[in-house]
Structures are given as C-alpha cells and as structure tokens.
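J.: Dumping the structure here so I can ask a few things about it.
Where a number appears in this text, it was derived from the coordinates with a stated rule and is not lab data. The structure presented is a predicted model; accordingly, all values stated were derived computationally and were not measured. Cβ atoms come from the backbone with ideal geometry, glycine included; neighbour counts cover every protein chain shown.
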C-alpha cells in the first residue's frame, strides 16, 4: 500500500501547498528552452490526444488519410521534446514527442535540459490544477481565444523532484495506465458493439419503415435499393434550410440577453447536449454560428464529423444560441420532415462514410463540403409515418441506450480515478519511490493510446492556428 512521503515543506504555490522534502519549485524556463525549427518536410506528422499526449498521426488507415500542404511551415519536435497547443494546453493538449516529427504551427515546442524527464512533466502539465495555472498565464483578447506563448510558459512555476524520482514517477504512472487501458479497452469493445446494434436499428427504420409488407419500388438513391412505394425521394437541400441568417433575431444583436453557447465539446456523438455555456448575445453575435431551438447541427470538421458529433437542439436552454464555426446548421422544413427525423438521417453511418470520402482541405483541417450535404439524397415517409417511426425508435433502442449510459459511466469513473492518481503522484502526495513493477505492469504504446480514444480529443480538432471558435 502506497503512503505519503514522511516529510513535507511549504511550496508557496496555492495548487500544491505542501511538497515532499527535497523537491524544488522552479520556473519552466530553468528546465526547458524554446525550439523553433522548420524546413523538415520528410519527418512524420505528430498529433495530440488530450489524455495521452503526442503520437504519430496515422496518414493512411481508415478515414484519417490527410492531404498535407505547407509542411515546411510545420515545427520540428525532437524525440523527448514537449509540444503543446497554445490555445488548448489548458485542456491537456501537451505531451512528449515519441519520435522526431512535425507539429502544427499552432504549437510551441520546448527542449528539455539535462536531468529533465519529459514524461513526468507531461503528466504534471495535464493535471487539472496545472491546467488552471495555464489559464492564468494565457493571454488573448477574449478568454476562449487565449494563447499560452513561450514567454509566459517559461515563467510558470513547476514542481521538480530529483531526476531519479521523476523517472520512478513516470514508470509508475505508465504502468498504472497500462492496467487502466486493459479495463477501458474491454469497455470500448462493448460500446462499439452496442453502437453498431443501435445503428442497425436506426438505419433499418429510417430507410425501410415499420411495415415490411408495404408495396415497394426500386429506389433512385444509390445506397438504398428499394423503398416503400408511397415514400418520397429528396435531396437534403429540398427539405431543410442551411445556416439560417441571424438577422431574424437582429433585435437582440446589442442586447444583454443571455443566450446558449455550444462549443464542440458540449455535444456528444449521440446528439446529447452537455454543459452548454451561457453568454451575452452581444458578445457572441459576431464570429460564431447562429441557431435556434429545434434546429439540427452537425460537425463538419474531421474527426468530429466521422464520429457523428451533432444532433437536434430541442433541449437548447434558450430560444436562440451560438456555437463553434465548425457546425453546419439545418432547419427542417416541417411541412416535409420532422427535425428529429432529419437528425437521425444525419447520424446514419452511410451518410458519415460518404461525407468523409468527400472531405477537402489541408491536414487536420479537412471538412465535409456543404455541397455534399445539400446534395445527399434520402428517402422520406409522410409526416405521420415519420412520427410513428420516431416513437418506435425510442422503444427499439432503449436497451442499447441504457447499456451505453452504464458503460459510459464506468469509463468515466476509471478516467476520474486515473486523473486523481496522477495528480496525487506528480505533486508528491503519494510516495512511489519504492514501488516495483510486476507482471501485470506490461506496457505497449499501442495499448496506451486507448486512453486518448475519446470522440474529439485528437489533433484534427486542434491543429490549426485558430483552433475551434
């Protein structure tokens, strides 16, 4: 059983008041120097996971194939350097480079001095308390556009154990990560199975209807062989208004009315709204995407689009709202389609796969073209039948929804345990100096990436200089 250190001393830091005797408090500038090197186009591209740090981007497999441009502007990171996203380090977009590679121009690369274990410091930098410090040292015109520049990073205080302790802490935490990965991997497999079951149910009802005995005709839609004879066939642009103008709410442009603000992370891949922010209308009127309650939103940037981020805003806390510019907004023409039915259409795997193939743009900033969404053809039943299908879907997918919620909660608890453990170890609240690994503490780099396999935690979301609005 691990215990605290025998002796502590005051640190003078509010986020770590007591540190083990023998530890020091120093500025980052004493431990790291700034690396600004470009012109290495042959090196691999690195990406970030908000949970596990920096890794080599897969440029070939699946839907993550990227079209690279202007690689000469990308910054070189040498193996062992720490790279962080200036706008998103406060979320954990930081880590050591596993190999020589290139990172986005939106990143800062820092080179460790002798005696610095970058794995230990990366764990420390991703603790909740240190990420709050990042916010304090970041600068910008408005809070959500703040950047942590090198000049500020180097002034930040940091806890410095002995080099031997840094290495021991890093080894211990990586071993614990390996254990948690095994548990999370099993749960992710169950989640994938449940989602696949749910998707099959949704696609069958949305494209085939409830009555299997209804007369059918050959479809003119290449991805649906036959449809009920009484259904219509439409392009989405003929059943929905795209990106409605905010001028319809112009009276509130300069008001102090509080409206909903929906960043990308506030909406799940299942279309569930999370922690929606509240902001003054005048503050968000310009520069953000506008929508109304009961509009449908969908992410257009990779990998959020492929993951299915988006959904029906029927539970938007206010009648109008604003959000990331990476949303496409659709307003259903209710004479033809129910908003909830349209949201289900946009969640279909076929739609997502074809949209991913149509994406354009540079690496990390690929987006599904608006023309693809507008021109996508679907089969549509009459409104009363849409209502019956929607009601049937709620019942038919209940079992999967309940199981997904339970497994999701279990994964959350595992991650919370991991985060608490990391915070206790890197700040010296737990003494791991005498810990020794056993046979269960086997680590593979492939397994550790499972801790970063959340829906929106990779470099594709954080790569550009602007980040997400």
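J.: How many times 2.2 N^0.38 Å is the alpha carbon radius of gyration of the range 352-401?
T.: In units of the 2.2 N^0.38 Å rule of thumb, it is 1.68.
J.: Could you state the number of Å between the C-alpha centres of the range 387-417 and the range 199-254?
T.: That distance is 24 Å.
J.: Starting from the Cα coordinates of the range 260-309, work out the convex hull volume and express it per residue in Å³. Before the final figure, lay out the partial values.
T.: Values: hull volume 4.0 nm³, N = 50.
In the range 260-309, the Cα hull volume divided by residue count equals 80 Å³.
J.: Then there's this: How tilted is helix 128-137 with respect to the longest principal axis of the chain? Cα atoms for both, answer in degrees (0 to 90, nearest 10).
T.: That helix lies at roughly 90 degrees to the long axis.
J.: Then there's this: If each residue of separation counts as 0.36 nm, what is the full-extension length gain between residue 30 and residue 132 once their alpha-carbon separation is subtracted?
T.: Gain on extension, residue 30 to residue 132, equals 34.6 nm.
J.: Angle, helix 163-208 long axis vs. longest principal axis of the chain, Cα atoms, 0 to 90°, nearest 10?
T.: Approximately 0 degrees, to the nearest 10.
J.: Report, in deg cm²/dmol and to the nearest 500, the calculated mean residue ellipticity at 222 nm for the chain, where each DSSP H run with n ≥ 4 adds -39500 (n - 2.57) and the sum is divided by the residue count. Please report the intermediate quantities before stating the final value.
T.: Working: 14 runs with 155 residues, N = 469.
Here the helix-only value at 222 nm equals -10000 deg cm²/dmol.
J.: For the chain, divide the Cα radius of gyration by the Kirkwood radius and give the resulting Rg/Rh value with two decimals.
T.: 1.01
J.: May I pose another question? If you average the sequence gap of Cα pairs under 8 Å that are 6 or more apart and divide by the length of the chain, what percent do you get for the contact order?
T.: Computed over the chain, the figure is 20 percent.
J.: Modelled label-to-label distance, residue 319 and residue 413, 7 Å Cα→beta-carbon offset: nm?
T.: Output for this residue pair reads 4.3 nm.
J.: Take the alpha carbon gyration tensor of the range 294-352, find the square roots of its eigenvalues, order them as a ≥ b ≥ c, and report rounded if a/c is under 1.5; if not, report prolate when a/b exceeds b/c, else oblate.
T.: oblate
J.: Please state, as a whole number in µm²/s, the translational diffusion coefficient that the Stokes-Einstein equation yields for the range 289-389 at 25 °C and 0.890 mPa s, with Rh defined as the Kirkwood radius across alpha carbon pairs.
T.: Roughly 173 µm²/s, to the nearest whole number.
J.: Please say if the range 105-187 is rounded, prolate or oblate, where rounded means a/c under 1.5 for a ≥ b ≥ c the square roots of the C-alpha gyration tensor eigenvalues, and otherwise the choice is prolate for a/b larger than b/c and oblate otherwise? Could the numbers behind the result be given before it?
T.: Values: a/c = 2.45, a/b = 1.41, b/c = 1.74.
Verdict is oblate for the range 105-187.
J.: Next up: If you average 1/r over all unlike Cα pairs in the range 210-380 and invert the result, what Kirkwood radius do you get in angstrom?
T.: Details: mean 1/r = 0.0590 Å⁻¹.
The answer is 17.0 Å.
J.: Something else now. Which order results if 272, 108, 296, 395 are arranged by neighbouring Cβ count within 10 Å, fewest first?
T.: Going from sparsest to densest Cβ surroundings: 395, 272, 108, 296.
J.: Further, regarding this structure: Considering Cα pairs under 8 angstrom that are at least six residues apart, work out the relative contact order of the range 257-377 and quote it in whole percent.
T.: Working: 213 pairs, mean separation 31.8, N = 121.
Computed over the range 257-377, the figure is 26 percent.
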